[in-house]
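The values are calculated or read from the model by the stated rules, or taken from the named source; none is laboratory data. Bear in mind the structure is a predicted one, so any value in this text is a computation, not a measurement. Neighbour counts are summed over all protein chains in view; Cβ atoms, including those assigned to glycine, are modelled from backbone coordinates with ideal geometry. To get the accessible areas, we keep the full protein, side chains included, count just its heavy atoms, and leave off ligands, DNA and RNA. Shrake-Rupley method; radii C 1.70, N 1.55, O 1.52, S 1.80 Å.
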Amino acid sequence: MRNLPDTKDFSNHRLKLEENKYFSAPLKQSKYDLNETDKNYKKSYEEQKELVLKYENLDLPKDVVNTTTLLYELFDKDFLRSLGNDSNSKVLNRFTGYSKKYKSLTISILDENEYVMSIAIRKAFDKDGNSIKFKTYGLKNYVASKIKDSIIFLGVGTAEYVLFKLLDVSFINLQSDSMYRHIPKALIEKVKDKNIVILKENDESFEKLIPKLKELFNQSNIYVIDFEKILNKELNHGYDFRDFCNDIKNVAVVEPVSYTHLTLPT
């Protein structure tokens, strides 16, 4: 019995683990060649566009999908047009693709070196035929970011990643609520004393996420954008930043709304 570990030592060890519970281990390499997969999805996207043009106003065969229609289901066409053709085409061509298997748009998330870290298929299905939204390959715990000024928008979701790129803002993007634990220490340090604007989603999961983010970024200035307060109406469960952009439809309105509802420190 003398050789059993002291329970006090175990308790102290557990406390140390709790202190570091938010920080992930180094990201592991994906077993998929995501860069090659990304190229294939982009190639498929272009092939579908060419086929649609070929058939013009004729009824499309079942194996031909209008990818523009799929894109407008994700992002409102008036919102995209308000960004300007050159801006949105460059971004969309870089981050979106098409899966022939699922007949669905794909979104690729890249790191700072333009290496594909994860790819999400917007609408997929499992082996039993059940629908899956944003089926992800690669590193779902990868936290994408771009810090270029003092106001940083924090949002959750794959579509939000593309929106941040379209709007060309500083951002931190989580692929899902639970991935907050994988926000790197280096990133937390990088945004110290800067202003983080949390784009709140209208659900209980995100409500629980907010205090955890405030704890993580306790050396930054935190502001929460509540879209119900901005729009002054009750919103559907799950309403998020993508819904807001699609409702507003004009980028000239979206960006000022994000800033003018803040009272930033001088």
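Determine, yes or no, whether Ile196 is among the β-branched types (Val, Ile, Thr), open to solvent by 10 Å² or more (accessible area, probe 1.4 Å) and at pLDDT 95 or above. Taking the combined requirement at face value, the residue does not satisfy it.
Is it the case that Asp86 is of a type in the set (Asp, Glu), over 25 Å from the mean Cα position of the chain (by Cα) and over 17 Å from Asn246 (Cβ atoms)? Let's see the steps before the verdict.
Working: of a type in the set (Asp, Glu): yes; over 25 Å from the mean Cα position of the chain (by Cα): no; over 17 Å from Asn246 (Cβ atoms): yes.
So Asp86 fails the test.
When you check Phe206 against the structure, is it within 15 Å of Tyr239 (Cβ to Cβ) and in contact with a strand residue (DSSP E or B) (Cβ under 8 Å, 6 or more places away or on another chain), yes or no? Considered against the rule, which asks whether it is within 15 Å of Tyr239 (Cβ to Cβ) and in contact with a strand residue (DSSP E or B) (Cβ under 8 Å, 6 or more places away or on another chain), Phe206 comes out as yes. Within the range 65-86, the set of residues being closer than 14 Å to Asp168 by Cβ and out of contact with any helix residue (DSSP H, G or I) (no Cβ under 7 Å at 6 or more places or on another chain) comprises Gly84, Asp86.
Contact map, the range 159-182: residues that are of a type in the set (Phe, Trp, Tyr) paired with residues that are at pLDDT below 95 and open to solvent by 10 Å² or more (accessible area, probe 1.4 Å), Cβ distance under 8 Å, separation 6+ or inter-chain. Pairs shown: Tyr180/Tyr22. Beta carbons closer than 8 Å, at least 6 apart along the sequence or on distinct chains, pair a first residue in the range 72-93 that is more than 10 Å from Asn250 (Cα to Cα) with a second that is part of a loop (DSSP other than H, G, I, E, B) and open to solvent by 70 Å² or more (accessible area, probe 1.4 Å) for Ser87/Asp168. I'd like to check something: does the range 154-177 contain any residue that is at pLDDT 95 or above, on the phi < 0 side of the Ramachandran plot, crowded, with 22+ Cβ neighbours inside 10 Å and hydroxyl-bearing (Ser, Thr, Tyr)? Yes - at least one qualifying residue is present in the range 154-177. The number of residues in the range 15-74 that are modelled with pLDDT of 90 or more and basic (Lys, Arg) comes to 4.
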